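In what follows, a structure is listed as structure tokens, so that the remarks can point back to it.
No value in this document is a laboratory result; all are computed from the given coordinates. What you see is a predicted model; the values in this text were computed from it and never measured. Cβ: placed from backbone, ideal geometry, glycine included. Neighbour counts: every protein chain shown.
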Amino acid sequence: MTKEQINEFTLRTSSANHSGLVVILFDIVHVYTEDALKNYDLNDINAYIRNLELSKRALNELMSCFSPAAHPGGNVLSVLRFIYGKMVSSVVKREPQELARCLKMLASLREAFAKLSEKDKEGPVMKNTHQVYAGLTYGKNTLNESVMNSSNRGFKA
């Protein structure tokens with residue numbers, strides 16, 4: 001994952017609601033898995049395993065968002081467990097075990113949750129965060145992000 005992607009995920013996380021955080025986790029799993037596949041194609045097995053381990057950690061966090069008792073949550077959880085199992089076998093065997101298929105399954109789940117997230121009108125989970133405004137400043141054809149200073153940050157007693 002590049003520094004630009006990390007900054008993008010950080011920015012999205014600071015302004016996302018609960019359903020938006022689920023979509024962000026899907027995106028993180030997708031990026032790490034794609035990076036692992038690229039590393040495998042380049043015969044960099046150590047980077048392949050490292051990216052798959054990071055993908056498994058993000059997928060584990062995603063699985064913790066769903067309840068097995070709820071009807072749709074249980075079904076989604078079983079699909080995510082299948083993908084997790086394929087990731088584990090890909091690490092053990094040191095080769096992709098249907099990871100391309102898993103990426104397609106993740107993409108379809110992400111699309112469904114993105115539609116749900118658009119309908120969710122809940123406010124952001126994180127409170128007292130900086131508002132970020134992006135604009136063209138101090139550079140020709142470059143986009144710089146400037147942060148608006150917020151005066152009511154911190155704990156309130």
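Worth a mention:
- Local electrostatic count, Asp27, Cβ distance below 13 Å [Lys/Arg +1, Asp/Glu -1]: -3
- Charge-dipole axis of the stretch 3-119 as Lys and Arg at +1 and Asp and Glu at -1 on Cβ define it, positive-most pick from Tyr40, Ala100, Gly74: Gly74
- Net charge in the neighbourhood of Asn51 (other residues with Cβ under 15 Å of its Cβ; Lys, Arg +1, Asp, Glu -1) is -1.
- Among 22-33, 78-89, 47-58, 7-18, the peptide with the highest mean count of other Cβ atoms within 10 Å heads the list, and the full ranking is 22-33, 47-58, 78-89, 7-18.
- Net lengthening on full extension, Lys115/Val92 (0.36 nm per residue, minus Cα-Cα): 4.8 nm
- Fewest-first ranking of Glu118, Glu4, using other Cβ atoms within 10 Å as the exposure measure: Glu4, Glu118
- The value given for the stretch 3-119 is a Kirkwood hydrodynamic radius of 14.6 Å, derived from the mean inverse Cα-Cα separation.
- The average projected area of the stretch 27-68, computed from the convex hull of its Cα atoms over all directions, is 2.8 nm².
- Taking a point 7 Å out from the Cα of Ile6 in the direction of its Cβ, the residues of the stretch 23-42 whose backbone N falls within less than 18 Å of it are 25, 27-36.
- Gap separating the Cα centres of the stretch 86-115 and the stretch 43-64, nearest whole Å: 11 Å
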